[in-house]
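One structure is given here, and the rest of the page talks about it.
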Amino acid sequence: MRMRRIIGWGMVAGIASAAAVVLGFGLYGVPAPPGVHTRHMPHPRWTSAVQLAGVVRELGASLGTLGWPAGPDQLWIATGAPPQLRVVVVRHPLEPGTPLPQLPPQLSQIVANTDPAHPLIVVGLDENGSERSRLYAWRPGDDSLVPITPPLDHLDLCCLNPSGSTVAFAAYRSDTSKSQVFVADARRPSALRAVMPGTEGTAEARAWSRDGRSLLMVEQHTFLHQVPFVADVETGRVRRLVPAWGDTVNVGAAVWSRDGTTIFLAADAGAEFLGVEAVDLATGRFRNLTADLPHDVADLQSIGGSDTLLVVVNDAGVTRLYALDGRSGSRWSLPAPDGYLRSATASPTTARVAEVVLGTDGRRAVYVLDVPAGRLTLWAQGAPPARAPLPPPQSLSYPTFDSVGGRPRAVNVIVQPPPAEFKAPWPVLIDLHGGPIGQELPVPDVRYAAFRRLGIAVLEPNVRGSTGFGKTFASLDDGRNRENAVRDIGALLDWIATQPDLDATRVAVIGGSAGGYLSLAALERYGDRLRCGVDLFGISSIPDALAESEHEFYPEVQRAEWGDERDPSMRAFLDSISPITHADRITVPVLIFQGANDARVKPAQSQRMVARLDSLGRTVWYVTAANEGHGLEHPLNQLYVGTAVLDLMKDYLVPDRR
């Protein structure tokens, strides 16, 4: 099941300030933060806490953009992370900028409107990770946030209409067990208006028309299959877009043409990858404008409000930018600074694009690209890291157990090596991403800096089921093929044994959500080749996880991915591959973390796994937090759990570095 937001104790700048508290802990170790309870776990070492916080402080705050809502020469830049997230208005390159009031720490979602005359921010505030949120509005000059919706379940904020007066979003109706798209007045509290009938899948709003009268929406049947609809917001009329596509097309980002006659959207109709489809609204005809690009279109935006589109492409994990003339179909590459491109945001009024980059020197920066001139200008830059940057990641591949076209299937793996001062072979931490859809990218990941500074190599495999490698690959783990993703981990262990820089005798696994399931499954199947493991809010029983989400979180979408547990034969199969069924095979130490408010993977999943391992006399450390959901968001909790994970790696992978 998908994680709401990426986990990352290392990403929050607040950890650094929290580290000061641990200096008084001494030999007693780090006490659990308020609301955090543990079982069988020793106090994490204060030395590890200081070490972890020091690495975070060394990496500095993040940088991002909210776009250009205050005018053509005013870029809104977000820096830091909750609870220290700040938005700064920058009017000229490299100026300090004017800070806006600090946003609240519960912030989970944020959009800014694109009307320079009426700058506005709409944010979603979450109740302790429960995914029960409400939307608030804020304008420059306001003293506080104004609530504009009641609390809603699984709220998914989309976008503001061009004038900034109306916000579109999706939410789950617990009383009907259906998901709907709503619109509401973005300036003041108002009644919600549904613009899409309820669906047992997930409903999502995607894009407003330029005149603000129509809204593109999708109904999601599986993680990779959506049906697009267009709603006339004033009349309430809803019609299906491109019925010829059926229900098996993946639909991504979308942009309306300037005259409202065409929708440009990322879709994989009849193709392996998401391409830019131009759909004529009057005739339903469509044409692929990027058919020659064998990569996914990850984002699509209008440059300067024109029909020249910013196309963001995921090229095997590397982000590339193109400009595309939506009418003629001509396309040209756009420049990007050296480093790792994290995001790009087109101006709605000028032909400029803000590019967020992690430089090769470890500094975060925001550049502005003048599209016609092809000129990049540095607008904002973070402080240089206190220490030399870690070595760059490597994107490699390894052969797995099955074949394609007579050759072993290749699985992508991102290798994040430790600093050169550590002599190979290095111990290995395998990170298994959630989803199951999702993709690890060849980008330095701050979550693992502390492990790498200990001399541990972090490997991030994109096992089958991952996106970014075509829809066939992304579907290879569905239903009865679920365990083949686990076999990809076994093939990775085989590959590690052939690599002179990696120590196959010192390997651990970690994963969150669906990655937590993979972590537990790997521990039971390959426990003789692993030293320890970490499960973060993962699935221990697949059929129980599906049944427990019946009235909470889109079970039909989950069943299309995992299998339908209501079918007796499928239930028997899912039971047979669930980690809790074979918990007796787990013989190495395991750390399990669970948020008490998790709406996606219920806490009972972790509780039953801990109880089962307890009954078998296994070493299991359990941490649960009363103020967390399907993630790990609060800085003190991140520091505490991150320190415990660091201790586990020190004890079982690098005991000489305790």
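Annotations for the structure displayed:
- Leu574 open to solvent by less than 10 Å² (accessible area, probe 1.4 Å), more than 21 Å from Glu633 (Cα to Cα), in a helix (DSSP H, G or I) and modelled with pLDDT of 95 or more: yes
- Selection of the range 608-649 for residues being open to solvent by 40 Å² or more (accessible area, probe 1.4 Å) and within 23 Å of Ser174 (Cβ to Cβ) yields Ala626, Glu633.
- You will find that of Glu561, Glu633, Glu628, the residue that is in contact (Cβ under 8 Å) with a residue 24 or more places away in the chain, closer than 26 Å to Gly438 by Cβ and assigned to a helix (DSSP H, G or I) is Glu561 and no other.
- Just one of the listed residues (Thr262, Thr235) is out of contact with any strand residue (DSSP E or B) (no Cβ under 7 Å at 6 or more places or on another chain) and not hydrophobic (A, V, I, L, M, F, W, C), and it is Thr235.
- Checking Gly455 against (1) small (Gly, Ala, Ser); (2) at pLDDT 95 or above; (3) surrounded by fewer than 19 Cβ atoms within 10 Å (Cβ to Cβ), the condition it does not meet: (3)
A quick yes/no check of all residues on (1) β-branched (Val, Ile, Thr); (2) in contact with a helix residue (DSSP H, G or I) (Cβ under 6 Å, 6 or more places away or on another chain); (3) free of Cβ contacts under 8 Å to residues at least 40 places away in the same chain:
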{"position": "Pro384", "(1), (2), (3)": "no, no, yes"}
{"position": "Pro392", "(1), (2), (3)": "no, no, no"}
{"position": "Leu396", "(1), (2), (3)": "no, no, yes"}
{"position": "Ser403", "(1), (2), (3)": "no, no, yes"}
{"position": "Trp426", "(1), (2), (3)": "no, no, no"}
{"position": "Ile430", "(1), (2), (3)": "yes, no, no"}
{"position": "Ile456", "(1), (2), (3)": "yes, no, no"}
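- One residue stands out among those in the range 458-476 that are part of a helix (DSSP H, G or I) and touching a residue at least 24 places away in the same chain (Cβ under 8 Å): the one that is least open to solvent (accessible area, probe 1.4 Å), which is Ala474.
- Hits in the range 191-200 (condition: open to solvent by 60 Å² or more (accessible area, probe 1.4 Å) and part of a strand (DSSP E or B)): Arg193
- Residues that are within 21 Å of Cys159 (Cα to Cα), surrounded by fewer than 20 Cβ atoms within 10 Å (Cβ to Cβ) and without any contact (Cβ under 8 Å) to a residue 60 or more places away in the chain do occur in the range 260-272, at least one of them.
- The set of residues from the range 305-332 being under 28 Å from Val415 (Cβ atoms), open to solvent by 30 Å² or more (accessible area, probe 1.4 Å) and part of a loop (DSSP other than H, G, I, E, B) comprises just one member, Ala316.
- You will find that of Pro555, Pro589, Pro543, Pro603, the residue that is open to solvent by less than 20 Å² (accessible area, probe 1.4 Å) and within 25 Å of Ala508 (Cα to Cα) is Pro589 and no other.
- Among the residues of the range 32-52, those that are in a loop (DSSP other than H, G, I, E, B) and buried (at least 17 other Cβ atoms within 10 Å of the Cβ) comprise Ala32, Pro33, Met41, His43, Pro44, Arg45.
- Positions within the range 380-403 being at pLDDT 95 or above and more than 25 Å from Gly455 (Cβ to Cβ), in sequence order: Pro399, Thr400, Phe401, Asp402, Ser403
- Matching residues, the range 478-515, being acidic (Asp, Glu), over 24 Å from Val318 (Cβ atoms) and assigned to a loop (DSSP other than H, G, I, E, B): Asp478
- For beta carbons closer than 9 Å, sequence separation of 6+ or different chains, a first residue in the range 202-224 that is on the phi > 0 side of the Ramachandran plot and a second that is surrounded by fewer than 21 Cβ atoms within 10 Å (Cβ to Cβ), the qualifying pairs are Gly212/Pro162; Gly212/Ser163; Gly212/Ser165; Gly212/Val233.
- Residues in the range 137-150 that are outside any strand (DSSP E or B) and open to solvent by less than 50 Å² (accessible area, probe 1.4 Å): Asp142, Leu145, Ile148, Thr149.
- The single residue among Arg134, Arg188, Arg210 that is in a strand (DSSP E or B) and open to solvent by 50 Å² or more (accessible area, probe 1.4 Å) turns out to be Arg134.
- Here Gly124 clears all of (1) among the small types (Gly, Ala, Ser); (2) more than 18 Å from Asn597 (Cβ to Cβ); (3) crowded, with 16+ Cβ neighbours inside 10 Å except the condition numbered (2).
- Strands (runs of 3 or more DSSP E) contained in the range 229-288 and holding at least 1 residues over 23 Å from the mean Cα position of the chain (by Cα) and closer than 19 Å to Val183 by Cβ: 238-240, 251-256, 262-267
- Of the residues making up the range 151-185, those that are in contact (Cβ under 8 Å) with a residue 24 or more places away in the chain, open to solvent by 20 Å² or more (accessible area, probe 1.4 Å) and in a loop (DSSP other than H, G, I, E, B) are Pro151, Pro162, Ser163, Ser165, Ser174, Ser177.
- Gly563 being modelled with pLDDT of 95 or more and either open to solvent by 10 Å² or more (accessible area, probe 1.4 Å) or of a type in the set (Gly, Ala, Ser) (or both): no
The values are calculated or read from the model by the stated rules, or taken from the named source; none is laboratory data. Computed from a predicted model, the values in this text were never measured in an experiment. Don't worry about glycine lacking a Cβ; one is built from the backbone with ideal geometry, like all the others, and counts go over all protein chains shown. When the accessible area is computed, the model is the full protein with side chains, heavy atoms only, and any ligands, DNA or RNA have been set aside. Shrake-Rupley method; radii C 1.70, N 1.55, O 1.52, S 1.80 Å.
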